[in-house]
Amino acid sequence: MVNPKLKDRQNDQLCQAVLSLENMDECYQFFEDICTISELKSMAQRLEVARMLKAGHTYDDIVEQTGASTATISRVKRCLNYGADGYKTVLERLPQQSET
């Protein structure tokens, strides 16, 4: 279920833009233009935190491997447990990565 507070024309357009990307290079080009480097790295970090939480890693292990704060890890964990299942959907569709 999509949060009705997020659903509007501009967010629909952003989602359509992401869905229109056809390959990794296009994704990098789009995100480089639309996000700051810091914003992109933060999103990538949160996805890795979600992957590691789902795999059963401890907070200490996640902090050490990703540099994420415990507040970020807690927020991601809350989304995994009580969120809209966006992380779950993406993590199920991503190829499995070897553990680092």
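The values are calculated or read from the model by the stated rules, or taken from the named source; none is laboratory data. Treat the numbers as computed from the prediction; the structure is a model and nothing was measured. Positions of Cβ are backbone-derived with ideal geometry, glycine not excepted, and every protein chain shown enters the neighbour counts. Ligands, DNA and RNA are stripped out before the accessible areas are found, and what is left, the full protein with its side chains, is counted by its heavy atoms. Shrake-Rupley method; radii C 1.70, N 1.55, O 1.52, S 1.80 Å.
What the table below lists for this structure:
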| item | result |
| --- | --- |
| Number of positions in the stretch 14-24 that are out of contact with any helix residue (DSSP H, G or I) (no Cβ under 9 Å at 6 or more places or on another chain) and surrounded by 10 or more Cβ atoms within 10 Å (Cβ to Cβ) | 1 |
| Test for Lys5: is it at pLDDT below 95 and either of a type in the set (A, V, I, L, M, F, W, C) or open to solvent by 100 Å² or more (accessible area, probe 1.4 Å) (or both) | yes |
| Neighbours by Cβ (under 9 Å, 6+ apart or cross-chain): first from the stretch 36-59, among the acidic types (Asp, Glu); second surrounded by 15 or more Cβ atoms within 10 Å (Cβ to Cβ) and assigned to a helix (DSSP H, G or I) | Glu39/Phe31; Glu48/Ile62; Glu48/Thr66 |
| Hits in the stretch 37-76 - residues which are touching a Phe, Trp or Tyr at 6+ places or on another chain (Cβ under 9 Å) and among the charged types (D, E, K, R) | Glu39, Arg46, Arg51, Lys54 |
| Test: Leu80 is in contact (Cβ under 8 Å) with a residue 40 or more places away in the chain and under 19 Å from Arg93 (Cα atoms) | no |
| Residue that is touching a Ser or Thr at 6+ places or on another chain (Cβ under 9 Å) and not hydrophobic (A, V, I, L, M, F, W, C), where the choices are Tyr82, Tyr59 | Tyr59 |
| Residue within the stretch 25-32 that is open to solvent by 50 Å² or more (accessible area, probe 1.4 Å) and under 20 Å from Gln96 (Cβ atoms) present | no |
| Number of the exception - Leu80 against (1) open to solvent by 60 Å² or more (accessible area, probe 1.4 Å); (2) within 23 Å of Met1 (Cα to Cα); (3) not β-branched (Val, Ile, Thr) | (1) |
